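What follows is a short report on a single structure.
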Amino acid sequence: MQNSMSSERLTREALIERFGTYGTPKPQWRIGGEFERAVVRPDGRPVGYDEPDGIRWILTELAQRGDWDTVYEDTKPIALTRHDASITLEPGGQVELSGAPHHRLDALGEEMRTNRRHLKEITQGKDLVWIACGLTPISPIDAIPWVPKGRYALMRQYLKKRGDLAHTMMKGTCSVQANYDYADEGDCARKVRLCAGLSPLTTAIFANSPLLENQPTGFKSYRGHIWTRTDPDRTGFPPGLRADFGFERWVDYLLATPMLFRKTDLGWQDANGATFGHWLSHGIDGTSPTWADWELHQTSVFPEVRIKRTIEVRGADCVDHAMALAFCALFTGLLYCSAALDEALELVRELELHGTRDGRFDIACRDGLAGTVGGRTLGDWASDLGDIADRGIALCLPEDRPMIDPLLARIEAGRSPADELLDIWSTDPSPEAVIAALTY
């Protein structure tokens, strides 16, 4: 049973103090990657969970090839775990590798390459294609079956009331994320400030979701735009925390955010809009929250930067293998070299002199690297950022410096991945041609 009201309870002070224990000395800093990929038919039709050679079958095959432990909900496999890594399912059947933390980008890259090889081996000869794209480009969102996970059943009901594109986010989008250590509260604050401030540039560089139902959306990163129409309580980034981040203020933000669900001995339960702070102070149904409940609640907020034991940088569309690794390399160079962090923070301060955060982000979503802010294209701003990150990674991880090269080449060309996909679509808009262009 969960803790009763008479049991020892968590406190706000204990939650704040816990964040202070997550600091890691600089020589031990590591990098983790999270990579979502979608699997579709060659003409872009979706793949269901229970159909032959469907999502359940893929997960079972992955477990056998990688010596993973399988996590079940009722009798249905829903995730795989192994040491510090996991493979999980997103609501529309997207398959996410949450990799182990590594001291070297090369080791992270090898983990990702192994996962990619297994995905492709499993589906070889099948009517299945893995694609690298921020948004499924062909299938209508309503045609994508839901993965049978209890938490998603509650999320879909709650979020549809909060944003008109919430289901599109859940079932249609894929992203690349990376996780980084911080030394202490001050170091965390600087890194959060940087990552949040860079979100327009990150979105523009990796914009790769221009199509929906095989038609241009008017956005280079429609995935980025979708997040603005999902749930304002738990997306974007709290404005007051950008320039004045602290563990206390972060905990208060989490406490004030409505819960999407609770997990009890009876299974997944609707939180009925209660905040975690309410549960902490007043209890719910005779229970008070545990540390496990707190950890679960933290996974149900989706800001551009999420702070847990590490800093999770979340702002990129799913892109091809080389660019996904370059995303990890970009923020490694920026966050793990103090000189680069200082330079990049100054770049953010200059960028933020022009317009509003929402305005800059909208420009990035619509126009990618061709967008203009402060009389300069986002490609020009990104060029400055790339130079800073290149110098940073050369200092902190010189052996891994080549991994940033694909990103630097794309910035130099001034073209987001979406531009190339739109070129292909304009030449041959058949679903088969679009999916072939996105093959992972």
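The values are calculated or read from the model by the stated rules, or taken from the named source; none is laboratory data. Everything numeric here is computed off the predicted structure, so don't read it as measured data. Cβ coordinates were reconstructed from backbone atoms using ideal geometry, including for glycine residues, and neighbour counts include every protein chain displayed.
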Subject >> Residues of region 347-383 classified as under 24 Å from the mean Cα position of the chain (by Cα), charged (D, E, K, R) and under 18 Å from Leu194 (Cα atoms), total >> reply: 4
Subject >> Failed item in (1) farther than 24 Å from Asn208 by Cβ; (2) out of contact with any His (no Cβ under 8 Å at 6 or more places or on another chain), with Gly374 passing the rest >> reply: (2)
**OP:** From the list Leu407, Leu395, pick out the single residue that is in a helix (DSSP H, G or I), touching a residue at least 24 places away in the same chain (Cβ under 8 Å) and surrounded by fewer than 16 Cβ atoms within 10 Å (Cβ to Cβ).
**Re:** Leu395
Original post:
Which one of these is of a type in the set (Ser, Thr, Tyr), within 30 Å of Phe247 (Cβ to Cβ) and out of contact with any Ser or Thr (no Cβ under 8 Å at 6 or more places or on another chain): Thr123, Thr202, Thr168, Thr173?
Top reply: Thr202
Original post:
What number of residues within region 87-108 satisfy the criterion of being surrounded by fewer than 21 Cβ atoms within 10 Å (Cβ to Cβ) and in contact (Cβ under 8 Å) with a residue 40 or more places away in the chain?
Top reply: 8
**OP:** Identify all residues within region 116-144 that are surrounded by fewer than 21 Cβ atoms within 10 Å (Cβ to Cβ) and either outside any loop (DSSP other than H, G, I, E, B) or among the small types (Gly, Ala, Ser) (or both); write none if there are none.
**Re:** Arg116, Arg117, His118, Lys120, Glu121, Thr123, Gly125, Trp130, Ile141, Asp142, Ala143
Original post:
Among (1) within 30 Å of Glu248 (Cα to Cα); (2) of a type in the set (D, E, K, R); (3) not in a strand (DSSP E or B), which single condition is Arg56 missing?
Top reply: (1)
**OP:** Only one of these is of a type in the set (D, E, K, R), part of a loop (DSSP other than H, G, I, E, B) and in contact with an Asp or Glu (Cβ under 6 Å, 6 or more places away or on another chain): Arg162, Arg223. Name it.
**Re:** Arg162
Subject >> Any pair with Cβ under 9 angstrom, 6 or more apart, that starts in region 293-310 at a residue that is closer than 14 Å to Gln177 by Cα and free of Cβ contacts under 8 Å to residues at least 24 places away in the same chain and ends at one that is acidic (Asp, Glu) and not in a helix (DSSP H, G or I) >> reply: Arg306/Glu312
**OP:** Give Arg193, Arg229, Arg223 a once-over and let me know the one that is modelled with pLDDT of 95 or more, buried (at least 22 other Cβ atoms within 10 Å of the Cβ), charged (D, E, K, R) and out of contact with any Pro (no Cβ under 9 Å at 6 or more places or on another chain).
**Re:** Arg223
Subject >> Of the criteria (1) surrounded by fewer than 22 Cβ atoms within 10 Å (Cβ to Cβ); (2) more than 30 Å from Asp428 (Cβ to Cβ); (3) acidic (Asp, Glu), which one Glu213 fails >> reply: (2)
Original post:
Picking from Glu34, Glu61, which residue would you name as being in contact (Cβ under 8 Å) with a residue 12 or more places away in the chain and in a helix (DSSP H, G or I)?
Top reply: Glu61
Subject >> In region 410-435, residue nearest to the chain's Cα centre (by Cα) [restricted to those that are free of Cβ contacts under 8 Å to residues at least 24 places away in the same chain and assigned to a helix (DSSP H, G or I)] >> reply: Glu420
Original post:
In region 177-190, how many residues are surrounded by 23 or more Cβ atoms within 10 Å (Cβ to Cβ) and farther than 13 Å from Tyr336 by Cβ?
Top reply: 1
